[in-house]
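First the structure, in the form of structure tokens, and then the observations on it.
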Amino acid sequence: MKICSEVTMTERMFEEKQHASLYQKYRFEPPDELKELILQYLDKKKGKPHQLAVDLGCGTGQNSRPLTAYFEQVVGIDVSKSQVEQARAVPGFPNLSYRVGTAEELPFPDSSVDLLTAATAAHWFDAECFIKEATRVLKPRGCLALFGDGDDMKIHYESCGNRLNNIYEEVMQILLPYTSSKVTGANRKLKDLFEAIPFPDKERIEIIPVKRQLSIKNVIGFIQTFSMYQAFLRADPSAATALLERTTSRILEEMKVSSTEAEVDIIMEYFCVLACKPE
């Protein structure tokens with residue numbers, strides 16, 4: 001029998017301070033469409049008051065901060081001390097606190113949490129231990145909301161969208177050997193984790209298309225936050241740096257612009273697992 005108190009996240013990919021700094025700078029908040037979907041689900045299944053939300057694998061707080069407008073208290077938890085330090089450095093959220101810890105061992109009493117959420121993080125968890133702990137800490141009718149974005153990002157800019165997408169796909173192919181098997185769980189849109197959740201009341205939405213505008217600089221910065229890019233950087237710093245420089249030059253050339261502040265349209269396909277603990 002697995003002893004969950006002895007389980008920690010098996011792959012710790014986000015420990016370095018530089019990586020945490022990139023995360024804070026280039027990762028974006030969840031889209032409004034997703035936030036509204038989750039809050040509507042919680043309202044429907046549990047209703048108010050919304051007292052405590054816990055954001056697991058919170059990183060630098062992009063998902064934690066928006067929750068503060070809807071909950072009396074929000075707690076972000078991440079295994080990386082560097083990520084938590086970056087999150088704590090953002091002022092202005094008095095009902096938000098952060099802790100270093102894992103999703104498999106939560107510092108909350110039984111039946112005390114209204115919403116457990118994780119943004120692009122649940123694929124790193126030990127599913128069995130996480131589900132056991134989620135079941136323990138959620139209130140009756142409390143909800144799980146686990147989401148992320150798939151690997152099918154599309155770039156649009158005037159008539160060169162296809163060529164830009166080819167460039168991005170080439171980058172992802174180069175990074176493929178450095179991709180953790182855990183990321184495959186995200187690319188499968190948490191199908192295995194969804195099936196393991198024992199609550200009868202659950203649903204999985206596979207495609208939530210979201211369009212946003214990003215500068216070329218931010219697209220390159222976003223790639224730098226990927227765990228597989230960071231693994232490539234550790235293995236071969238000069239090749240990883242050259243890849244970004246070459247990619248930037250190719251994008252500028254295709255778009256016929258000179259500044260990395262030029263913007264492109266990005267289409268991302270989010271997915272979401274929602275589940276409600278029984279009474």
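The values are calculated or read from the model by the stated rules, or taken from the named source; none is laboratory data. Predicted, not measured: the structure shown is a model, and the values here were computed from it. Cβ coordinates were reconstructed from backbone atoms using ideal geometry, including for glycine residues, and neighbour counts include every protein chain displayed. Quick note on the areas: whole protein, heavy atoms, side chains included, nothing else; ligands and nucleic acids left out. Shrake-Rupley method; radii C 1.70, N 1.55, O 1.52, S 1.80 Å.
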> Taking Cα atoms of segment 111-203, Rg/Rh with Kirkwood Rh, to two decimals?
Replying inline: 1.12
> Can you give the % of DSSP beta bridges in the chain that are antiparallel, to the nearest 5?
Replying inline: 55
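Based on the Cβ-Cβ distance from K132 to L176, what FRET efficiency comes out when R0 is 41 Å, to the nearest 0.05? Numbers along the way, then the final one.
Working: r = 33 Å, r/R0 = 0.80.
So the FRET efficiency works out to roughly 0.80.
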> For segment 52-145, what class follows from the C-alpha gyration tensor (a ≥ b ≥ c being the square roots of its eigenvalues): rounded when a/c is under 1.5, otherwise prolate if a/b is larger than b/c, else oblate?
Replying inline: oblate
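Can you tell me how segment 83-129 classifies by the Cα gyration tensor, rounded, prolate or oblate, using a/c under 1.5 as the rounded cut? If you can, show how the numbers build up before the last one.
Values: a/c = 2.13, a/b = 1.41, b/c = 1.51.
Taking the square roots of the gyration eigenvalues as a ≥ b ≥ c, segment 83-129 is oblate.
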> segment 237-279: which trypsin sites (Lys or Arg not before Pro) are DSSP loop and have at most 14 other beta-carbon atoms within 10 angstrom?
Replying inline: K256
> Where is the GNM fluctuation largest for the chain (alpha-carbon springs, 10 angstrom cutoff): L214, L115, L56?
Replying inline: L214
> So how exposed is K81, as accessible area in Å² (1.4 Å probe, rounded to 10)?
Replying inline: 130
>> Once each part is reduced to its C-alpha centroid, what is the distance from segment 133-206 to segment 22-101 in angstrom?
In response: 18
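If you roll a 1.4 Å probe over the heavy atoms of the protein chains, what accessible area per residue do you get for the chain, in Å²? Walk me through the numbers before you get to the answer.
Values: 12830 Å² over 279 residues.
Normalised by residue count, the accessible surface of the chain is 46 Å².
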>> I need the P(r) histogram for segment 124-279: all alpha carbon pairs, bin width 5 Å from 0 out to the longest distance, whole percents.
In response: 2, 8, 15, 17, 15, 13, 10, 8, 6, 4, 1, 0
> Out of V90, V137, V264, any idea which swings most in a Gaussian network model of the chain, alpha carbons joined below 10 Å?
Replying inline: V90
>> Take the residue pairs K35/K139; K191/K277; K81/K202 and return only those whose Cα atoms are more than 29 Å apart.
In response: K81/K202
> Of the heavy-atom accessible surface of segment 212-265 (probe 1.4 angstrom), what whole percent is carbon and sulfur?
Replying inline: 48
> Which is farthest toward the positive dipole end of segment 86-185 among F93, T120, Q173, measuring Cα position about the Cα centre, with Cβ charges +1 (Lys, Arg) and -1 (Asp, Glu)?
Replying inline: F93
> Considering only DSSP states other than H, G, I, E and B, which trypsin sites (Lys or Arg not before Pro) in segment 138-207 qualify as loop sites with at most 15 other Cβ atoms within 10 Å?
Replying inline: R188
> At a 1.4 Å probe, what is the % contribution of carbon and sulfur to the accessible area of segment 43-90?
Replying inline: 46
> Against the longest principal axis of the chain, how steep is helix 32-45, in degrees 0 to 90 to the nearest 10, with axes from Cα atoms?
Replying inline: 10
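Counting helices only, and only those DSSP H runs with n ≥ 4, report the 222 nm mean residue ellipticity of the chain as the sum of -39,500 (n - 2.57) divided by its residues, in deg cm²/dmol to the nearest 500. Show your work: numbers first, answer last.
On the way: 11 runs with 112 residues, N = 279.
Rounded to the nearest 500, it is -12000 deg cm²/dmol.
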> Given that just one value was derived from the coordinates, which of [x] 33, 24, 19; [y] 33, 20, 18; [z] 29, 22, 18 is semi-axes √(5λ) of the Cα gyration tensor in Å?
Replying inline: [y]
> What ranking of S97, S215, S238 comes out by heavy-atom accessible area, probe 1.4 Å, highest first?
Replying inline: S238, S97, S215
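Could you give the Stokes-Einstein D for segment 109-160 in µm² per second, using the C-alpha Kirkwood radius, 25 °C, 0.890 mPa s?
Details: Rh = 13.2 Å.
Value of D from the Cα-based Kirkwood radius: 186 µm²/s.
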> Do any GluC sites (Glu not before Pro) in segment 104-187 lie in a DSSP loop with no more than 16 other beta carbon atoms within 10 Å, and if so, which?
Replying inline: E158
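Please report the relative contact order for the chain, taking Cα pairs under 8 Å with a sequence separation of at least 6, and give it as a percent rounded to a whole number.
Details: 494 pairs, mean separation 61.3, N = 279.
The value is 22 percent.
By how many nm would the segment from K48 to E105 grow when fully extended, if each residue of separation counts as 0.36 nm and the alpha-carbon distance is taken off? The partial results should precede the final answer.
Numbers: separation 57, 0.36 × 57 = 20.52 nm, distance 2.63 nm.
Computed gain between K48 and E105 is 17.9 nm.
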> Counting Lys and Arg as +1 and Asp and Glu as -1, each charge on the Cβ, what is the dipole of the chain about the Cα centre in debye, to the nearest 20?
Replying inline: 380
> What are the semi-axes of the equivalent ellipsoid of segment 223-279, taken as the square roots of 5 times the eigenvalues of the Cα gyration tensor, listed largest first and rounded to whole Å?
Replying inline: 34, 21, 7
> Which value, in debye to the nearest 20, gives the size of the charge dipole of segment 95-193 about its Cα centre, when Lys and Arg are +1 and Asp and Glu are -1 at the Cβ?
Replying inline: 220
